[in-house]
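Worksheet for the structure shown next.
The values are calculated or read from the model by the stated rules, or taken from the named source; none is laboratory data. No experiment lies behind these values; they were computed from the predicted model shown. All Cβ positions, even for glycine, are placed from backbone atoms using ideal geometry, and neighbour counts span all protein chains on display. Calculation scope for accessible area: heavy atoms of the full protein, side chains included, ligands and nucleic acids excluded. Shrake-Rupley method; radii C 1.70, N 1.55, O 1.52, S 1.80 Å.
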Amino acid sequence: MRKRVAIIAPGYAWLPGEPGTSRFSFLANFLSENGCEVDLIGSTFQHFKKAPRDIEQLKRLNLPYHLIFIPEPGYRKNVDLKRVYSNYIITRNTMKYLNKYRERYDIIYCVIPPNILSAKVGCWCRKNNIPFIVDVEDLWPEAMKMLVKIPLLSNILLMPYWWDAEKAYYYADGVVGTSDEYTLRAFKRKKKNIPHATVYVGTELDIFDRGVEKYVNEFPKVSGEFRVTYAGSIGASYDIRTLIDAAKILWECGRKDIRFYILGTGSLKEEMESYAKIQECGNVIFLGYVDYEKMAAFLAQSDVLINSYIKNAAQSIVTKIGDYLAAGKPMINTLASMEFMEKVEREKFGINIKAEDKEELVRAILELRDNPDWCKVMGQNARRIAEAQFDRKAGYQKILDMVNSLA
């Protein structure tokens, strides 16, 4: 008998044809191909675009799993009271759906955050004797502390997020995390030994490679160009300002061969574009959102990739890492995640530097620029790690095994 699985991922369930990470649509497809009957429960609101979804168009997709869209009012900013309200509403509507279809599922697989949603779903699963797996995509409120820095008051404001996180982990029968740090967070107070696995967001290497082959000729370099690329969100946690500052130093030093490309969008994109214009950097180019396969080709045509974060950012091994490694290029990392910094050092696919330090970033770029053999070895290491650890087809087997053991 086919196991009936609900994947609840309202803010993360980006679907074919939509921008954003495809972790959960890939998982839904993967489980469906391996003997499960899957409902992917998403939202009527598309988190990446901050706009309502085209539900009718998505319903016409020929998918091996079912799509369920839960009504959500939406919000305009990642950090916004409207987002808090939106999370509350989609949690309420999701619980209405689960109560209506109480007998439909053998197991529930639910993303955290939003914490309130996973806490409520976990409690419902316990009451209904349905196995509950929580997938840790981000740490709330840990990640919020850098935004709410008011002594004592910030702890009071964020306390509900702590409570909901602890409830979600308490009710969990299995835990999946996108890094070891995220996986182990569930056991900070939960002493019970339950199935758990770290499964990187990863990448579909065949699709990545197909994009490189298909579009690589669309992004030729000018003669002698050394291409430094950042791809990802342009928001509060991501340090684009220091990239621009470093670019200005190099521009003023006459190193016009070194050009910075910024792929992506986000809440601070316009502000960063304005900042670059004020700095009069002719070597900083914003390309905006780029379709996945074209992004893959651009990464492969770059010389150095930058994982650029502000100080005290709470992220760990983030979505873009799989794509960066797949490109087979050296990486400069400013994210102060001990787990990831140790991985960079151990696997030798890049170098770690301090966050928000423009002089150190300049030195790192020049060092790589002047050592092509070193870059080649780092790039080879990166691709090897992508194939061994970040290829979804291998990594997501751990999730399938957990579903089969708990359902």
**Q.** Cross-chain or 6+ apart pairs with Cβ under 8 Å, segment 162-183 first and closer than 15 Å to CYS125 by Cα, then of a type in the set (Gly, Ala, Ser) and part of a strand (DSSP E or B)
**A.** VAL175/ALA197
Q. Within segment 3-21, which residues are part of a loop (DSSP other than H, G, I, E, B), at pLDDT 75 or above, of a type in the set (A, V, I, L, M, F, W, C) and within 21 Å of ILE107 (Cβ to Cβ)?
A. ALA9
Q. Which members of segment 75-96 meet the condition of being surrounded by 13 or more Cβ atoms within 10 Å (Cβ to Cβ) and either within 21 Å of ASN129 (Cα to Cα) or touching an Asp or Glu at 6+ places or on another chain (Cβ under 8 Å) (or both)?
A. SER86, ILE89, ILE90, THR91, ARG92, ASN93, THR94, MET95
Q: Residues being part of a loop (DSSP other than H, G, I, E, B) and either touching a Gly at 6+ places or on another chain (Cβ under 8 Å) or of a type in the set (A, V, I, L, M) (or both): count how many of those fall in segment 202-250.
A: 8
Q: Determine whether ILE108 is assigned to a helix (DSSP H, G or I), touching a Pro at 6+ places or on another chain (Cβ under 9 Å) and open to solvent by less than 80 Å² (accessible area, probe 1.4 Å).
A: no
Q: Being surrounded by fewer than 24 Cβ atoms within 10 Å (Cβ to Cβ) and under 25 Å from PHE390 (Cβ atoms) is the filter here, so list the residues in segment 39-52 that pass it.
A: HIS47, PHE48
Q. Can we say ASN99 is modelled with pLDDT of 95 or more, open to solvent by 50 Å² or more (accessible area, probe 1.4 Å) and not in a strand (DSSP E or B)?
A. yes
Q. Restricting the search to segment 359-381, which residues are open to solvent by 80 Å² or more (accessible area, probe 1.4 Å) and touching a strand residue (DSSP E or B) at 6+ places or on another chain (Cβ under 9 Å)?
A. GLU367
Q: Go through (1) closer than 25 Å to VAL175 by Cβ; (2) buried (at least 18 other Cβ atoms within 10 Å of the Cβ) one by one and return the number of the condition GLU72 breaks.
A: (1)
Q) Does PHE187 count as surrounded by 14 or more Cβ atoms within 10 Å (Cβ to Cβ) and at pLDDT below 95? A) yes
(Q) For the condition open to solvent by less than 50 Å² (accessible area, probe 1.4 Å), modelled with pLDDT of 90 or more, part of a helix (DSSP H, G or I) and hydrophobic (A, V, I, L, M, F, W, C), what is the one hit in ALA197, ALA168, ALA143? (A) ALA168
Q | One residue from ARG392, ARG384 being at pLDDT below 95 and either under 26 Å from the mean Cα position of the chain (by Cα) or open to solvent by less than 10 Å² (accessible area, probe 1.4 Å) (or both) | A | ARG392
